[in-house]
Amino acid sequence: MGTNYYAVRNRPTTGEPIHIGKSSMGWRFLFQEQDIWDNPEVHWHTAREVYWWLEKYTVESNEFVIMNEYDEVVTFEDFKTLVERKQNEKIHDEHAKLVEGYRFDSELFC
């Protein structure tokens, strides 16, 4: 069982949410790699890039919020704490790759 996390615009929009990744019981957080063609700043291949983007757009500009799949808003600090706490759990599976110790997947997943 797991919980997906998304970056969602903090205003009415027809745009799609951006899938950040998934927290599954017993595993390290699994980040979703992102390359969104119409937004060059959504280019995530490391945890540092994800954290930088989330801090810039959810804390500094408040343009986005982090939400889980249960429509609950999660602060940037709470999200980062969750990810870092899960760094002590299982490392690898057949789909994910390790990038600087964090699990990433380039394939779409839910």
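Just so it is clear, none of the values below were taken in a lab; they were calculated from the coordinates. Just so it is clear, the structure is predicted and the values come from calculations on it, not from any experiment. Because the Cβ atoms are built from the backbone with ideal geometry, glycine has one as well, and the counts that use them run over all protein chains shown.
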Could you give the angle, 0 to 90 degrees to the nearest 10, between helix 76-85's Cα long axis and the longest principal axis of the Cα atoms of the chain?
10
Listed with the fewest Cβ neighbours within 10 Å leading, 61, 106, 24 appear as 61, 106, 24
Over region 2-105, relative contact order from alpha-carbon pairs under 8 Å, at least 6 apart, %
32
Label selected from [x] 122; [y] 101; [z] 78, the criterion being volume of the Cα convex hull per residue in Å³ as computed here:
[y]
For the chain, with only Lys/Arg (+1) and Asp/Glu (-1) charged at the beta-carbon, what is the dipole magnitude about the Cα centre, in debye rounded to 20?
280
Residues 95, 45 in order from fewest to most other beta-carbon atoms within 10 Å are 95, 45
Restricting region 53-98 to GluC sites (Glu not before Pro) in coil, as DSSP defines it, with at most 15 other Cβ within 10 Å
63, 69, 72, 89, 94
